[in-house]
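The values are calculated or read from the model by the stated rules, or taken from the named source; none is laboratory data. Every value quoted in this text rests on a predicted model; they were computed, and no experiment measured them. Heads up, the Cβs are rebuilt from the backbone with ideal geometry, glycines too, and the neighbour counts pull from every protein chain shown. Just the protein is used for accessible areas: all its heavy atoms, side chains included, with ligands, DNA and RNA removed. Shrake-Rupley method; radii C 1.70, N 1.55, O 1.52, S 1.80 Å.
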Amino acid sequence: MKVRNFILATSAAVGTVFLSGSWWAISEGFEGSFREHARSQAEDVARLTFSAMYEIMSQGWTREQAERFLANVRSGPGWKGFRVEIYRGPLVEETYGVIDQPDPSPDVRRALDHGERRESIADDAHRSVFPLKAEAHCLGCHTNAREGMVLGAIEVRQPYGGVLESARMNYYMAAVPSLLLGLLLASGAVWWVGRRISRSVNEVEERLESISNISDLRHLVVARDRHPFYEIERINTAISSLASRLRSIAVDKDILLFEIGLLEKFVITSDVIRDWRIYVGQLLRDINTIIDAHVLFSVFQIDDELFDIEIFWHCSPDDASRRHIEATVREALKDDPRFSAPATLHVHHHFPEDAPPVSLDEAHLTLRVKSFFVDRPKIGSIVGIGVHSDALVDHTHHLVLDSILSTLLNVVGSIKAIHKYTRDLEYYATRDPLTDLYNQRVFWEMLSYEIGRCQRHSAKTTLLVIDLDNFKLINDHYGHAVGDQFLQELARAIRGALRAGDILARYGGDEFTVVLPEADMEQGYTVGKRILEAVGSTTLDAADGSKIRASVSIGLAVYPDHASEPKDMFLFADNMMYRAKSEGKERIALPSEEDVMAVFRDVSEMGVAVLAAVNERRVIPFFQPIAGVADGKLAAVEVLSRLEVNGELLRADQFIEIAEKIGIIHRLDAIVIEAALDQVKRSNFDGYIFFNLSPRALVLSEFARTLRTVVQESGIPPERIVFEITERDTVKNLSLLERFFADLKAEGFGLAIDDFGSGFSSFHYLRRFPFDFLKIEGDFIANMVHSERDRIFVRSITELARALNIQVIAEFVESAEVLEMLASLGIDFAQGYHIGRPDRSIRPVTGAERPNVLPC
């Protein structure tokens, strides 16, 4: 609302209230005055009427004379507007008789009966009733009365409404000119005040609207003319003071908007991680919209003495400009001893592809360099970041660049680190970290794909299962480090003997698999012979000067001759490999028709034996300890299944697949859980209890009910029980697993993902399911001591789990050296032969003494 309108509205409201109040007060005053005048006049009329009556009556009058007197009183010309009635009371009627008179009103009746004077106002008329009381001189005629008794009553009615209305109208007609004059003066005053205020506001508004940058702010001047209104003068003074202060502290809005926009871009997405160089280049283009910065560079530590310098150009420079900037960046780095010899610096230039080549002159290239460096970077992380810009000469721009660079140091460093770790994780999710071959998960995927392809095209494929002979002797005699080196040499030898397109994988330990697409038994045998020859010629020089040699045994299976399912095909080839070992090793076992029947007969016999063992509850729980890395104390146990068959204890990997095939895996899981919980309760162990669950058991709804019943009857709180699911076994049961996991979590059970990093979808499962524990794939842990890549991989998984509030368990901990490295990485728990081997009873840990390394 405008001030002028506000003043006008306020004045109108005040005038309305004043006029209404005046009208009401004057009306009330007039009416009160007229009422009082009517009352006084009625009293005088009544007194005169009574006096006249007395004079006439004292001379003696007849009845006719009295009636004429009353008629004259009612209608006489001097009494116009009045109405006077004289009422004869009972005492007078008793002596002189009844006369014709109006019916007395309630007020008249009360005056006759009680001698009270009554007044009332009705229909703009004043009515007064006066009692006529006997006095001493009245008793001569009214002998039946006494002094003070009521002889009659006089009623006087006087209308005054017309007179009152006429008086009001005369007053208002006289007041109209004054009212109009006051209204005119008020409107003029409002117009003048509003005009002066609007002029002052418009002046300030025009000057403020003219400000769009710092230079405009410096020219902000408010008119110094003294204003007639004190308040407006105070506003002008305050604005002038504000302008003076702003000129000393203001920052260009474009810079602030740029910083805000830049912060909005610091959202790390998968696209940013994948195309991080494009992202940094775009940031440089954004910086140049507000500050001239030709070059942004970042330094990354690749190895102890190897650094990558990434130089991002705003334009497309020529060779001379590149050399100049490269020399300038090296000059900026020379004061840091980390970049001096023997350190190696690799420089990489990045510039917009669509920008035409530009040759920058010396004035543009001879600029100041602003940089930030990290004191102690880690391998693969950012060391420093800098900008090459002429904006550094301005103090404000200098502060802005400080802020931008400190933020970019963290953002670009995080992006580069995540890019590297993600690339490594994606690679090692499909690779064996020791040999760089495909891992077991990829093997199963590729074998399933190849069998499906053969089914569609009526083709054959061959599977080779390769096992190193007497590899345990090499490990025991030369140590695990030498054993790992020999496995690497062996992998290279096997790869060299294969055809293009053949798929080689490390299945685990010293066992390898080869999928030969479009190959029958004869072609598979030929490839196998080449592998035997390549392995036989492979040697490794030991530290004592001796040469290490070994041989392999190979089993062979052909689709569809020997099996139609991937697991059946692997089982057949694995059996043939063991037959090759039993026949003397270093050979290929080619299956015959009798072998096919014998293998599947053995499998059938094993199925019968497993079924009998489960029916007879010959399932024995073994407990492997899990220790806290920080304190070395027993924190949990993992329950492992052992099956007693024909007097021998079978490991889980020897009967689990058979139990799944014959449909008793859920019964086996329930039996081992029940037996383990009973033993835990008797042992007074109070830590976590980890159980491995088969996904095939989860498909059965009755298994969930059985599981709850077993746990409830054991009396052990669900919060101490953790169920493990191996990531590679969950692919086809995601929806069911999600519902099952939600139910388990609601009841208080813990969840763990096992063999994390062994499959393609580790991160997908980690995001989708509410895991409490994460077990890192044992191969990465076992090779940490000798492989920097494995250490980086383990570190990245640990940091990811810590960010998700998930506790980490390292498997395959087989030495104190590995345990110390786990402590330095801040891993929570450790499991492996160095901690303790599986046993029928829960025993304290054996080798988990607290490392002399403070966990981070």
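List of remarks:
- Region 117-134 - residue that is surrounded by 14 or more Cβ atoms within 10 Å (Cβ to Cβ), not in a strand (DSSP E or B) and not aliphatic (A, V, I, L, M) and, of those, modelled with the highest pLDDT: ARG117
- Only residues that are open to solvent by less than 30 Å² (accessible area, probe 1.4 Å) and not in a strand (DSSP E or B) were counted across region 433-474, and they come to 17.
- Every pair of residues 6+ apart whose Cβ atoms lie under 6 Å, when the first sits in region 835-856 and is under 27 Å from PHE622 (Cβ atoms) while the second is at pLDDT below 50: none
- Of the residues making up region 643-653, those that are open to solvent by less than 80 Å² (accessible area, probe 1.4 Å) and at negative phi number 6.
Listed here are the residues, each with its yes/no results for (1) β-branched (Val, Ile, Thr); (2) surrounded by 14 or more Cβ atoms within 10 Å (Cβ to Cβ); (3) at pLDDT 75 or above; (4) part of a helix (DSSP H, G or I).
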| residue | (1), (2), (3), (4) |
| --- | --- |
| GLY281 | no, yes, yes, yes |
| LEU284 | no, yes, yes, yes |
| PHE312 | no, yes, yes, no |
| ALA320 | no, no, yes, yes |
| ARG330 | no, no, yes, yes |
| GLU353 | no, no, no, no |
| LEU360 | no, yes, no, no |
| ALA363 | no, no, no, yes |
| VAL369 | yes, yes, no, no |
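- Test result for GLU511, within 52 Å of the chain's Cα centre (by Cα) and open to solvent by 20 Å² or more (accessible area, probe 1.4 Å): yes
- Hey, ALA659 modelled with pLDDT of 90 or more and assigned to a helix (DSSP H, G or I) or not: no
- Condition check for GLN59: open to solvent by 70 Å² or more (accessible area, probe 1.4 Å), under 30 Å from ALA145 (Cα atoms), at pLDDT below 75 and in contact with a helix residue (DSSP H, G or I) (Cβ under 8 Å, 6 or more places away or on another chain): no
- Candidates in region 744-793 are the residues that are among the β-branched types (Val, Ile, Thr) and touching a residue at least 60 places away in the same chain (Cβ under 8 Å); of these, the one that is least open to solvent (accessible area, probe 1.4 Å) is ILE792.
- Hits in region 712-760 - residues which are at pLDDT below 75 and in a helix (DSSP H, G or I): GLU727, ARG728, ASP729, VAL731, LYS732, ASN733, LEU734, SER735, LEU736, LEU737
- The set of residues from region 275-328 being under 36 Å from the mean Cα position of the chain (by Cα) and among the charged types (D, E, K, R) comprises ASP275, ARG277, ARG285, ASP286, GLU310.
- Yes/no for ASP467 being out of contact with any Cys (no Cβ under 7 Å at 6 or more places or on another chain) and touching a residue at least 24 places away in the same chain (Cβ under 8 Å): yes
- Looking only at region 524-548, and only at residues there that are open to solvent by 20 Å² or more (accessible area, probe 1.4 Å) and touching a Ser or Thr at 6+ places or on another chain (Cβ under 7 Å), the one that is farthest from ALA493 (Cα to Cα): LYS547
- Of all residues in region 567-578, those that are farther than 15 Å from GLN440 by Cα and of a type outside the set (A, V, I, L, M, F, W, C) have Cβ atoms under 8 Å from Cβ atoms of residues that are in a helix (DSSP H, G or I) and open to solvent by 30 Å² or more (accessible area, probe 1.4 Å), 6 or more apart or on another chain, in ASN575/ASP602.
- Top-ranked residue of region 17-31 - restricted to ones that are of a type outside the set (A, V, I, L, M, F, W, C) and open to solvent by less than 80 Å² (accessible area, probe 1.4 Å), ranked as nearest to ASN170 (Cα to Cα): SER27
- With respect to the conditions (1) more than 28 Å from GLN712 (Cβ to Cβ); (2) in contact (Cβ under 8 Å) with a residue 24 or more places away in the chain, ILE620 lacks only one, and its number is (1).
- Condition broken by GLY483, with the remaining ones in (1) in contact with a helix residue (DSSP H, G or I) (Cβ under 7 Å, 6 or more places away or on another chain); (2) free of Cβ contacts under 8 Å to residues at least 24 places away in the same chain; (3) open to solvent by 10 Å² or more (accessible area, probe 1.4 Å) satisfied: (3)
- Identity of the residue in region 492-508, touching a strand residue (DSSP E or B) at 6+ places or on another chain (Cβ under 7 Å) and in a helix (DSSP H, G or I), that ends up surrounded by the most Cβ atoms within 10 Å (Cβ to Cβ): ILE494
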